[in-house]
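What follows is a short report on a single structure.
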There are 2 protein chains.
Amino acid sequence: MEIYTDEYYMNEALKQAAYAYEEGEIPIGAVVVCNNRIIAKAYNQTEKLTDVTAHAEMLAITAASDALGAKYLPECTLYVTLEPCAMCAGALFWAQIGGLYFAASDPKRGFLRASPSLLHPKTKVQRGLYADKSTELIQQFFNKLRN
Amino acid sequence: MEIYTDEYYMNEALKQAAYAYEEGEIPIGAVVVCNNRIIAKAYNQTEKLTDVTAHAEMLAITAASDALGAKYLPECTLYVTLEPCAMCAGALFWAQIGGLYFAASDPKRGFLRASPSLLHPKTKVQRGLYADKSTELIQQFFNKLRN
């Protein structure tokens with residue numbers, strides 16, 4: 001897979017989601033890209049940390065700010081395997097993230113249902129890449145949980 | 001001041017806001033109360049931690065879950081000196097917080113403007129207590145910043 005492409009970055013986010021899956025977490029992963037470089041990777045850790053705020057996006061934002069030594073991330077794009085919830089969209093707003101690319105939509109808990117204007121007006125949003133792969137992993141997780 | 005009252009708890013949240021003020025942070029403080037006991041205290045640390053997610057409410061939720069060893073906080077009430085933003089309201093939703101009591105309203109960045117339905121339907125919301133004190137502290141902070 002060619003590097004420096006949306007496909008590459010989203011695939012890296014999917015790898016993070018797979019780590020979450022292996023650890024018994026709802027499999028959602030994220031990476032933050034700045035100047036064609038991945039500066040942060042994270043996956044959902046709400047169970048491990050016993051903390052509802054430990055979504056992949058939140059951990060990725062914190063890690064990206066740590067990597068850059070900056071609170072704001074206007075030159076960065078977050079790639080995440082599922083549409084962010086309102087909490088994560090609110091965090092992306094405060095971070096003034098330059099871009100958001102999410103794979104699968106989340107009609108129930110995604111921020112678009114709550115309010116499309118939660119993001120910063122300058123944030124460029126794209127979606128859909130590898131949506132099937134992401135959805136399949138999440139469904140597989142919940143199927144396993146039920147059995 | 002009598003203990004086990006909303007006044008007492010909100011005053012403790014204001015003390016947290018005062019700590020933030022002293023450290024050059026936008027002065028917002030929060031406490032989490034469970035069975036009449038304060039189990040978590042926090043203040044805004046976005047500057048110190050270089051992290052937009054480090055709002056008082058987020059840190060308080062994480063600390064409360066840590067104290068209880070539980071992700072969900074249906075028996076808890078969060079007292080906070082300013083109306084939570086969408087990010088924090090989203091976190092309170094995931095935590096299924098039993099109650100939210102905020103002092104001052106935030107017409108610009110408060111969750112009520114974004115979407116009143118961001119909170120969990122079971123969360124009981126109250127507001128207004130010590131609103132003037134909270135607003136005064138925040139105004140004092142921004143006046144100092146400008147001078």
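A quick yes/no check of all residues on (1) farther than 28 Å from residue B:65 by Cβ; (2) touching a residue at least 24 places away in the same chain (Cβ under 8 Å); (3) of a type in the set (A, V, I, L, M):
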| position | (1), (2), (3) |
| --- | --- |
| A:4 | yes, yes, no |
| A:8 | yes, no, no |
| A:22 | no, no, no |
| A:28 | no, yes, yes |
| A:37 | yes, no, no |
| A:50 | no, no, no |
| A:63 | no, yes, yes |
| A:80 | no, yes, yes |
| A:101 | yes, yes, no |
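For the range B:90-111, the condition holds for at least one residue, the condition being that it is surrounded by fewer than 16 Cβ atoms within 10 Å (Cβ to Cβ), out of contact with any Phe, Trp or Tyr (no Cβ under 8 Å at 6 or more places or on another chain) and closer than 24 Å to residue A:88 by Cβ.
The set of residues in the range B:54-80 being in contact with a Gly (Cβ under 9 Å, 6 or more places away or on another chain) and more than 24 Å from residue B:132 (Cα to Cα) consists of B:73, B:74, B:75, B:76.
A search for C-beta distances below 6 Å between a residue of the range B:108-126 that is away from chain A (no Cβ under 12 Å) and within 24 Å of residue B:6 (Cβ to Cβ) and any residue that is in a loop (DSSP other than H, G, I, E, B) and hydroxyl-bearing (Ser, Thr, Tyr), counting only pairs 6+ apart in sequence or on different chains, returns nothing.
Within the range B:27-37, being touching a helix residue (DSSP H, G or I) at 6+ places or on another chain (Cβ under 6 Å) and either of a type in the set (A, V, I, L, M, F, W, C) or over 20 Å from residue B:99 (Cβ atoms) (or both) holds for B:27, B:28, B:30, B:31, B:32, B:33. For residue B:125, the criteria (1) in contact with a Pro (Cβ under 6 Å, 6 or more places away or on another chain); (2) surrounded by fewer than 21 Cβ atoms within 10 Å (Cβ to Cβ) hold in every case but one, which is (1).
If the condition is being acidic (Asp, Glu) and either under 17 Å from residue A:114 (Cα atoms) or at pLDDT below 95 (or both), then the range A:54-100 contributes only A:83. Looking at the structure I just gave you, is residue B:81 closer than 26 Å to residue B:5 by Cβ, surrounded by 23 or more Cβ atoms within 10 Å (Cβ to Cβ) and β-branched (Val, Ile, Thr)? Answer is yes for this residue.
The values are calculated or read from the model by the stated rules, or taken from the named source; none is laboratory data. Computed from a prediction, not measured in an experiment: that's the story for all the values here. Cβ coordinates were reconstructed from backbone atoms using ideal geometry, including for glycine residues, and neighbour counts include every protein chain displayed.
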